[in-house]
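Data block below; observations after.
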Amino acid sequence: MKIAFPENFMWGGATAANQCEGAWREDGKGMSIADVNTAGSRRTPRRITRGVIEGEKYPSHEAIDFYHRYREDIALFAEMGFKVFRMSISWTRIYPNGDDEKPNPAGIEFYRNVFTELKKHAIEPLVTISHYEMPYHLAEKYGGFLDRRCIDFFVNYCRTIFTEYRGLVKYWLAFNEINSAILFPGGEVLQGILPEKERNFLDLSEHADMAKNFQALHHQFVASALAVRLARRIDPQYRVGCMILGGLTYPRTCAPEDVLLARQKMASSDFYCGDVQIRGEYPPYAARLWDEKGVKPPVMEPGDETILREGKVDFCSFSYYSSACASADPASREETGNFSMGVKNPYLKASDWGWTVDSVGLRIYLNELYNRYRIPLMVVENGLGAADQVEPDGSIHDPYRIDYLRAHIEAMREAIGDGVDLMGYTPWGCIDLVSASTGEMEKRYGFIYVDKDNEGRGTLARSRKDSFWWYKKVIASNGEELG
């Protein structure tokens, strides 16, 4: 049986504003949560500070300067043959404080120019509305999405961009990796719930009160559903999706306890948010999950259930980088890279940052999601973070990245053969940018090299890696030529 990607399959790449734009205070932009995340590395964790501290390094402030170089970067994407470019709008470029009465004209104009440039090259924008950069003012004044008023601020922001960019954007994602709110430090970066004191970015021992996270997450569910309803009223052509941090979990052994734990982890980490946003209601297991987490059910207002039911998303997108195992054995140690996601799988190799490489897991995950939800899927983040070396002649040879992506593209093709409705593929960091987890430049994902190191030194010049030319052939052949 010959399996082919659909003729209209959307090949492209993905970025986020806070990791690539820079120009953090230019043209009226306000300060976001991302702007108080310090630099770090695989050896030194990032920190979340209360406000900007003089002398600290904050990588979002310059990033890779996409703000001034977007035309050059989009031309490179077009050269590769991109059909779609996943990017995010910085909320604080549109509403500097989040609760402003009027939007910032310079911010609106900037993104209009970006979208126009993409259209000039026949590249479809896929826009994340909130990608780990909630306005800092909303976090300080309201406690972020813990305060229900932030629903209105978010919907007002959506109304502005849905109206302003009608005809320029068709595909939207409400919140990036929404389930991170109950997995990692998502309470800060996604929900705007600031920690009581400064702490390391990945220090889960001082995680915010889970009751707050679940309550704020309910408010985000409502905000997302209202955004979906609003989008359909403003433009019936709009398509709004959810975005989940994908994390396939295997049982470490065939012991029934391990199998049960793996299923429970998948339900609580991946399906909890998907069930609400795609099925329009909380799943039956939610009550037990809340009880086991030691929290009460989130407080709902009259009408919330109707809003969730009427605001179901049109498609489901997700990130997929690696997988992990679950073990009921208390002696098992969780160690799967700089994000502790589970027990290490002895059958898989890992990247230099400790993330297991599991392309077969992507096929499994696609089947899990599609058979559960039966709506179109899209892989909007996937890739290998590696420390690339520039040769004396300026070339960058990255066969390890090509091998990683080839295997995952083959897995997607097999999933299509399994009957999965797959819309597109946007590998993460198609151009080198600041790592979200470590705040460094050394962890590179891109097809395009950016001349900048962890200390901020470099010209920011762009150059093509070997993977650039390889991906160009993949797109031109619609996934047929993977050699």
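Quick note: the coordinates plus some simple rules give every number you see, no bench work behind them. Remember, predicted model here, so these are calculated numbers, not experimental data. In this analysis, Cβ positions are derived from the backbone assuming ideal geometry, glycine residues included, and neighbour counts consider all displayed protein chains.
Of note:
- Computed from label points 7 Å out along Cα-Cβ, the spacing between residue 455 and residue 50 is 3.3 nm.
- Centre-to-centre separation between the Cα atoms of the range 373-392 and those of the range 9-26: 14 Å.
- Cα-centred dipole magnitude for the chain, charges only on beta-carbon of K, R (+1) and D, E (-1), debye, nearest 20: 780
- Farthest toward positive dipole pole in the chain [+1 Lys/Arg, -1 Asp/Glu at C-beta], among 193, 402, 220: 220
- Sorted by Cβ density within 10 Å, fewest first, the residues 299, 169: 299, 169
- Nonlocal amide H pairs with residue 388, under 5 Å, H built at 1.01 Å: 444
- Cβ-Cβ FRET estimate between residue 367 and residue 4, R0 fixed at 22 Å, reported to 0.05: 0.75
- A protection proxy built from the mean count of other Cβ atoms within 10 Å ranks the segments 144-152, 470-478, 218-226, most packed first, as 218-226, 144-152, 470-478.
- 5 angstrom amide H check on residue 424, placed H, neighbours 5+ away: 10, 379
- The mean sequence distance of close C-alpha pairs (under 8 Å, at least 6 residues apart), as a share of the length of the chain, puts its relative contact order at 17 percent.
- Reciprocal of mean inverse Cα separation for the chain (Kirkwood radius, Å): 22.5
- Bridgeable lysines around residue 296 (alpha carbons under 24 Å apart, same-chain partners fewer than 8 residues away excluded): 212, 265.
- For the chain, the residue among 415, 253, 362 whose Cα projects farthest onto the positive side of the dipole built from Cβ charges is 415.
- For the chain, DSSP calls about 25 percent of its internal beta bridges antiparallel.
- Semi-axes of the equivalent ellipsoid for the range 24-130, Cα gyration tensor, largest first, Å: 27, 19, 11
- Theoretical gain in end-to-end length, residue 109 to residue 332 [0.36 nm per residue, Cα-Cα removed]: 75.0 nm
- Ranking of 70, 449 by neighbouring Cβ atoms within 10 Å, starting from the fewest: 70, 449.
- Top positive-direction residue, dipole computed over the chain with Cβ charges, set 459, 80, 429: 80
- Stretch in the chain that is longest and holds no GluC sites (Glu not before Pro) that DSSP places in a loop and that have at most 15 other beta carbons within 10 Å: 336-454
- Separation of the residue 389 and residue 463 label points, Cα + 7 Å toward Cβ, nm: 1.4
- The simple spin-label model puts a point 7 Å past each Cα toward its Cβ; for residue 350 and residue 300 those points are separated by 4.0 nm.
- Measure of compaction for the range 272-416 (Cα Rg per 2.2 N^0.38 Å): 1.33
- Gain upon complete extension [residue 288, residue 309; 0.36 nm per residue less C-alpha separation]: 5.4 nm
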